[in-house]
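All remarks here apply to the structure that follows.
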Amino acid sequence: MRVTAPIGRTNPHARRLRRDSTNAERLIWRALRNRQLGGFKFRRQATIGWYIPDFVCIDAKLVIELDGGQHDAEMERERTKYLEQRGFNVLRFWNNDILENLEGVLETILAAAENKGEPSPCPLPHAGEG
């Protein structure tokens, strides 16, 4: 039987991820921190079970993941499934979405947070669409 780690317990790997964040992570964190987006409290690199999502809003049951070229699709599917089974909605954005359309990304995140993690009725198009 596998024991689930509690939400929010920081581990050394999370500390390293915060220290070594990407440009896209730093940019979006500046917009999410200190309840700047709709008054919602976001954490970065907080532990949920066995995973460390990029950003999480516990109250809205919302996880934000930023994807660059380094992510493994199968591992990401498993990670998303794990988080969704625990009641979280997972929004994924490419780093380019953050760098080129931060306002649109923030609107999508705010809409999902206001809907308590339910997907936005108008999500951003996937890379290569629109």
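The values are calculated or read from the model by the stated rules, or taken from the named source; none is laboratory data. Only a predicted model underlies this, so the values are computations on that prediction, with no experimental measurement involved. FYI the Cβ positions are ideal-geometry reconstructions off the backbone, even for glycines, and counts take in every protein chain you see.
Filter the range 52-79 down to residues that are more than 24 Å from residue 35 (Cβ to Cβ) and in contact (Cβ under 8 Å) with a residue 12 or more places away in the chain, then give me how many there are.
Number satisfying all stated conditions: 4.
Which of the residues that make up the range 80-92 are surrounded by 16 or more Cβ atoms within 10 Å (Cβ to Cβ) and either farther than 18 Å from residue 26 by Cα or in contact (Cβ under 8 Å) with a residue 40 or more places away in the chain (or both)?
Correct list: 80, 82, 83, 88, 89, 90.
For the structure I just gave you, tell me whether residue 101 is at pLDDT below 95 and not β-branched (Val, Ile, Thr).
No; evaluated as a whole, the condition is false for this residue.
Can you find, within the range 31-47, the residue that is surrounded by the fewest Cβ atoms within 10 Å (Cβ to Cβ) among those that are touching a Lys or Arg at 6+ places or on another chain (Cβ under 9 Å) and part of a loop (DSSP other than H, G, I, E, B)?
36
Give the residue that is modelled with the lowest pLDDT, with candidates limited to residues of the range 48-71 that are of a type in the set (Phe, Trp, Tyr) and assigned to a strand (DSSP E or B).
51
Residues in the range 84-99 that are in contact with a strand residue (DSSP E or B) (Cβ under 7 Å, 6 or more places away or on another chain) and over 15 Å from residue 63 (Cβ atoms): how many?
Number satisfying all stated conditions: 3.
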